[in-house]
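Each remark here refers to the structure printed beneath this line.
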Amino acid sequence: GAGPSAGVGPAPRLAPAGPANAERDPFRRANYGVRRVEILGGNLGYIDLRMFADFEFGQPDAPARKTIEAALQTVANADAVIIDLRDNGGGSPAMVGYLSSAFTPKGADIYNTFKYREGTASEAPKDWYAAPRLDVPLYLLISPRTGSAAEAFAYTLKNARRAVIVGEASAGAANPGGPVPVAGGFAVFVSNGSPISPITKTNWEGDGVQPDVAVVPAKALETARALALETVLKTAAGPDAQDARWALEAIRAEASPPAAKPLADYVGGYGGIDIIQLDGRIGMKRGKRPVTVLLPLGGDSFTVLDEPSRRVVFERDAKGAVTAFEAITSDGRSARYRREAAPAS
């Protein structure tokens, strides 16, 4: 690893790639650290990365390399990218360099150099990511659990002014080393080297990587999503801007729910669609399709849970009774559904 947490020992290296040991590779079932890749509301790319898996440069078919490339390709059309390192304890300097090269210019002098008693080694990749995204807004989530190589990645991109770091200060485990046996069957962690950034001329040992936006780790993703959408809205136009704006409004409404009108006002049939009440919320039910949960935006407007590009706006008559709703999408499509008359009592 780039610097294991004191007392833990170095992060394990993956077995070399190849069919002969594919069945024995203990990291294959962990998908080489890539836990989740997703496109979030407002066209934000999200990668939940739990380790920096090792691979050898010069082997383009190495499983760890192909896996991170697949993740990057999935978010290649996103308007901003969020990489979640809150539960990432570290791993391989090779992956630090390669993943960094997906967002920075080829050959940039930003990489840490590790100084050992035996010599030096740089985290600069020997192979560079083929299609780097140099301008996409980038956000990295960190926590006190973020350690070693994950810290190196965040430290490198923060000091290169390429990423906004969101969360709490990381573990502060910069110096690599390992356990050394001592008397009585005990072992102590002894550092055998130290990374040096060409930008800061130092590292993050002890202090950790400091966030640009300090927030408790549990709120880091929500905060980064809002920051990303605010950044996207500075340049977006037309339907893209509407989509980003709706996604931002949905995040804010979920974080601070607006005062809601009585849910019973909306319950009923609307031309083949039923509005039903469930667990303190309302939802749309059409035939055997899964129920679509609605979250209040204020007034009689609702957003669709996990799909902020869709909204439902209810209409009322002069007496205040709900008479219809309009289903709207951020690209301007809409459909109106009239409420069916309540059965005579």
What do you get for the angle between helix 63-74 and the principal long axis of the chain? Use alpha-carbon atoms, 0 to 90 degrees, nearest ten. 30 degrees
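Given the pairs 158/201; 261/319; 66/106; 219/285; 106/234, which span a C-alpha to C-alpha distance of over 21 angstrom in this model? Kindly include the intermediate steps, with their values, before the conclusion.
Numbers: 158/201 14 Å; 261/319 15 Å; 66/106 19 Å; 219/285 31 Å; 106/234 27 Å.
Distance filter (> 21 Å) returns 219/285; 106/234.
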Need the full-extension length gain, residue 306 to residue 230, defined as separation in residues times 0.36 nm minus the C-alpha distance. One decimal, nm. 25.5 nm
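Provide 326, 151 in ascending order of the number of other Cβ atoms located within 10 Å of each residue's Cβ, fewest first. Intermediate values should be presented prior to the final figure.
Working: 326 14, 151 32.
Fewest to most other Cβ atoms nearby, the residues stand as 326, 151.
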Relative to the chain, whose Cα atoms define the longest principal axis, helix 220-232 and its Cα axis are tilted in degrees, nearest 10, by 70 degrees
Added length on full extension, which subtracts the Cα-Cα distance from 0.36 nm per residue, residue 267 to residue 318: 16.5 nm
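As a footprinting exposure proxy, order 128, 204 by other Cβ within 10 Å, with the fewest listed first. Spell out each step's value before the answer.
Values: 128 18, 204 26.
Lowest count first: 128, 204.
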Expressed in angstrom and rounded, the centroid-to-centroid distance over alpha carbons for region 46-85 and region 299-327 is 40 Å
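For the chain, what is the mean residue ellipticity at 222 nm derived from helices alone (per DSSP H run of n ≥ 4: -39500 (n - 2.57); sum divided by total residues; nearest 500 deg cm²/dmol)?
Rounded to the nearest 500, it is -5500 deg cm²/dmol.
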Using a 10 Å cut-off around each Cβ, can you sort 126, 319 from fewest to most neighbouring Cβ atoms? 319, 126
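Placing +1 at every Lys and Arg Cβ and -1 at every Asp and Glu Cβ, with all other atoms neutral, what dipole size does region 26-92 have around its Cα centre, in debye to the nearest 20?
Working: 8 positive and 9 negative charges, 48 e Å.
Once rounded to the nearest 20, the dipole reads 240 debye.
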Gained length - residue 134 relative to residue 196, 0.36 nm times residue gap less alpha-carbon distance: 19.9 nm
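How high is the relative contact order of the chain, in percent, counting Cα pairs under 8 Å that sit 6 or more residues apart?
On the way: 769 pairs, mean separation 48.7, N = 345.
Over the chain, the number comes to 14 percent.
Please report, in debye to the nearest 20, how large the charge dipole of region 168-327 is about its Cα centre when each Lys and Arg carries +1 at its beta carbon and each Asp and Glu carries -1 there. Write down the numbers at each step before the final one.
Values: 16 positive and 19 negative charges, 74 e Å.
For this selection, approximately 360 debye.
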Net dipole in debye of the chain [+1 Lys, Arg Cβ; -1 Asp, Glu Cβ; about Cα centre; nearest 20]: 400 debye
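So what is the orientation-averaged projected area of region 201-332, using the convex hull of its C-alpha atoms, in nm²? List each step's numbers first, then the result.
Numbers: hull surface 48.5 nm².
One quarter of the hull surface, i.e. the mean projection, equals 12.1 nm².
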Most fluctuating of 332, 283, 298 in the GNM of the chain (C-alpha, under 10 Å) is 332
Could you work out the relative contact order of region 263-338, using alpha carbon pairs under 8 angstrom and six or more residues apart, expressed as a whole percent? 19 percent
Quick check for you: which residues of region 283-323 have the amide N under 20 Å from the point 7 Å beyond the Cα of residue 256 toward its beta carbon? 295-303
Of all the Cα-Cα pairs you can form in the chain, what percent are over 26 Å apart? 57 percent
What list of ³J(HN,Hα) values in whole Hz, one per residue of region 106-114 in order, does the Karplus curve 6.51 cos²θ - 1.76 cosθ + 1.60 (θ = phi - 60°) give from phi, with Gly and Pro shown as x? 4, x, 4, 8, 10, 8, 5, 10, 8
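All of the numbers you see were taken from the coordinates with simple rules; none came from a lab. What you are looking at is a predicted structure, and each value in this text was computed from that prediction instead of being measured. With ideal geometry, Cβ positions are generated from the backbone for all residues, glycine too; neighbour counts draw on all protein chains shown.
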